[in-house]
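None of the figures in this text is laboratory data; all of them are computed from the coordinates on show. Model, not experiment: these values are computed from the prediction. Quick reminder, even Gly has a Cβ in these numbers, built from the backbone with ideal geometry, and neighbours come from all protein chains shown.
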Amino acid sequence: MIIKRTPDLKWHDVTPHNVYLSRRQLLRSAVATAAGIAFAGPAMAGMLDYRESPLSTSDKPNDLEDITHYNNFYEFGTGKEDPARNAHTLTTDPWSVEIGGLVEKPGQYGLEDILKNVSLEERIYRLRCVEAWSMVIPWIGFPLADLLNRVGVRPGAKYVAFETLLRPEEMPGQRGNALNWPYREGLRLDEAMHPLTILATGLYGDPLPNQNGAPLRLVVPWKYGFKSIKSIVKITLTEEMPYATWNQLQSSEYGFYANVNPEVDHPRWSQASERRIGAGLFGGRQPTKMFNGYADQVAHLYSGMDLRKLY
Ligand SMILES: Nc1nc2c(c(=O)[nH]1)N[C@H]1C(S)=C(S)[C@@H](COP(=O)(O)O)O[C@H]1N2
Ligand SMILES: [Mo]
C-alpha cells in the first residue's frame, strides 16, 4: 500500500542525512516489513526529491526486480535479461544533450544544467510494450514541455526527434546490426508538449538504473513502449516527420504514431490483451485499453485521424 504524504514535506527534509540514509536502508530491508513499519510506499525510500502527481495511476507498481530485469534495450542485447547483465558498462556521468533544430537557444546542455530548476515528480504509469506485455513503473521525471519551453520552440517546428547515445565500446549490441544505430524516435510537437509526456531521470525514488535508460529517457505512456527512447543525447525540433527506428525497420508492423490500440492487431499477434509482468503465470493476462488507458487525456490529439490504420 502506498501511503500518501503531503507533497512538499519530504522524509529527508525532517531527518538528518545520516539518520535518513540508515533508515532508508532499514526501510528496504525485510526487517522493516516484519516489524510492521508503516512506510512501505516507494515514495518514502530514495535519493531524489520529488512530488507525487495526480497523473499517476492507482495500478499497483511492479517490483523493482521486474522493472530492472525484464527490459528491452537492444544496445545491450536482444534478450530481456541482457540489459541487466550488460548495461553497467555505460558511462552516464558526464552526460550532455545536444538540443537543436528549430529552437531559440540551441546548444550542448549538461545534464546538471537540464536538471537545475526542474521540479521532479513521481509519475506512476503503465508501460505497454508492442510485444503484448505490460508493467507499471513509478518513474521520477519532469514534463518534456518544461525543457522545450526553456530552449524555446521556434515557429515552424512540427516534430521532435530524439537520439540515443552511439557508443559501441560500451554498448555491445551496437557492435552488431540488430538495428540501424543509433536508436532514434520522434513525436509530433503536440504529443511532445502533452503533460503526460515526461523525461524520466529515476524510478522508485532513485536515479534511473542503466538498463532503464540512464541518465535521461523519454516516457510516453499512451504509446507502445518502443517510442519511449532511452539514454537520450540529442533532441532536435524539425519541420519534417523524423526517422523512427522501428517504423523504418518494418513499417508494415510499427507505425510512427504507435498509439496503444487493442483493436488494431500486430500482423503477427493480437493486441487485444496483454500479459502483466509479475502478475503470475496464469493470472497475468488482461484486456488492453485504448491509448493504454489514457484516452481521456489524449484522444483529442488524434481527432480526424483513422485510428484503425497503423500510422
Ligand atoms: N535506446 C533504446 N530505447 C528503447 C529501447 C531500445 O532497445 N533502445 N527499447 C524500447 C522498448 S521496445 C520498450 S518496451 C521500452 C522498455 O523500457 P524498460 O526496459 O525501461 O521497461 O524501452 C524502449 N526504449
Ligand atoms: Mo517494447
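Computed values, structure above
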item	result
11 Å beta-carbon shell around residue 167, net charge (K/R +1, D/E -1)	-2
Environment charge at residue 309 (Cβ cut-off 14 Å; Lys +1, Arg +1, Asp -1, Glu -1)	-3
Segment 11-297, relative contact order in percent, only Cα pairs under 8 angstrom and at least six apart counted	20 percent
Distance in nm between pseudo-label sites at residue 189 and residue 285 (7 Å out along the Cβ direction from Cα)	4.5 nm
Centroid-to-centroid separation of segment 160-178 and segment 248-311 [C-alpha atoms, Å]	26 Å
Proxy reagent accessibility, fewest Cβ within 10 Å first, across 53, 273	273, 53
Net +/- balance of residues flanking residue 133 in space, Cβ distance below 11 Å, scoring K and R +1, D and E -1	+2
Extension gain (nm, one decimal) between residue 263 and residue 85, 0.36 nm per residue minus Cα-Cα	60.5 nm
Over segment 103-159, relative contact order from alpha-carbon pairs under 8 Å, at least 6 apart, %	41 percent
Amide H contacts under 5 Å for residue 260, placed H, 5+ residues apart	223, 224, 291, 292
³J(HN,Hα), Karplus 6.51/-1.76/1.60, whole Hz, each residue of segment 186-196, x for Gly, Pro	x, 9, 6, 4, 5, 5, 5, 8, 5, x, 6
Order of 241, 135 under a 10 Å beta carbon neighbour criterion, fewest first	241, 135
Dipole moment magnitude, nearest 20 debye, segment 11-297 about Cα centre, only Lys, Arg, Asp, Glu C-beta charged	300 debye
Lys, Arg +1 and Asp, Glu -1 on Cβ, resulting dipole of segment 156-311 about Cα centre, debye, nearest 20	300 debye
